[in-house]
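Nothing in this text is a laboratory measurement; each read-out follows from the coordinates by a stated rule. Predicted model only: the values in this text are computed from it and were never measured. Quick reminder, even Gly has a Cβ in these numbers, built from the backbone with ideal geometry, and neighbours come from all protein chains shown.
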Amino acid sequence: MQILYFAWVREKIGRAGEELSLPAGVTDVGGLMRHLATLGPGHAAAFANPSAIRAAINQDFAHLADPVADRDEVAFFPPVTGG
Amino acid sequence: MARIAVQEAPFDLAAETARLTDGRTDIGALASFIGVCRADDGLAAMVLEHYPGMTERALDKIAAEAEGRWPLTGCTVIHRVGRLEPGASIVLVLTASAHRQAALEACAFLMDWLKTKAPFWKREEFRAGHARWVEARAEDDAAAQKW
């Protein structure tokens, strides 16, 4: 699956995204966040407070309980601040 | 069908207005909003980041919602990205309708929803050298929810 990071999530992790295979046992956005947090110190820092992060699945806003699949593009970012 | 654009370049209000009005005689009201970069607290520049693809998709959905709620004859949303200095325009929302209430309300709605439902992020760079990501404001969420 394609993972994308934006704003300070991207800065803390140190990259704009990564390819990964959906890990066994991960079924939803919240589970994916918990998995990503284990990938390194930058990831752990970015996902330290899950309530500060928003997600999108295939370019639509998603909730923690929404299911994820291996073909999905999943993005993580802070609450939006445009306008 | 709304005109949606995400671009680094400045926009031209007169040209955008003409795009909505040229050749039409059924428009009685045009409402516009332009968001401008302020120099608060020694701000040197604002850097606008977005999620290409999702941004256009989100703006399309917000504009479609406005077109469903109000009888608009035209609707334009242009959001700039990249590095913007104080005084620069950030966003343009332009609505056209037969009557003012629809144009004004749709314009306010589009801005309120855009601020909370489109994937843009602002990073502020200060003259003193530090930088910070702008935090989302509860007031903006409340403004979006009132519609």
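Numbers below:
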quantity: Residues located in region A:14-72, provided they are free of Cβ contacts under 8 Å to residues at least 12 places away in the same chain and basic (Lys, Arg); calculated: A:Arg15
quantity: Selected residue [touching a residue at least 12 places away in the same chain (Cβ under 8 Å), under 30 Å from A:Asp72 (Cα atoms) and of a type in the set (Gly, Ala, Ser)] from B:Ala29, B:Ala63; calculated: B:Ala63
quantity: Criterion (under 25 Å from A:Ala55 (Cβ atoms) and at the interface with chain A (Cβ under 10 Å from one of its Cβ atoms)) met by exactly one of B:Val93, B:Val77, B:Val81; calculated: B:Val81
quantity: Filtered residues of region B:102-130 (kept if of a type outside the set (D, E, K, R) and loosely packed, with under 13 Cβ neighbours inside 10 Å); calculated: B:Ala128, B:Gly129, B:His130
quantity: Any hit, region B:56-65, residues being under 29 Å from A:His63 (Cα atoms), assigned to a strand (DSSP E or B) and touching a Phe, Trp or Tyr at 6+ places or on another chain (Cβ under 8 Å); calculated: no
quantity: Matching residues, region B:76-91, being part of a strand (DSSP E or B) and either touching an Asp or Glu at 6+ places or on another chain (Cβ under 6 Å) or over 10 Å from B:Cys107 (Cα atoms) (or both); calculated: B:Thr76, B:Ile78, B:His79, B:Arg80, B:Gly82, B:Arg83, B:Leu84, B:Ser89, B:Ile90, B:Val91
quantity: Residue in region A:17-34 that is within 14 Å of chain B (Cβ to nearest Cβ) and not in a loop (DSSP other than H, G, I, E, B) present; calculated: yes
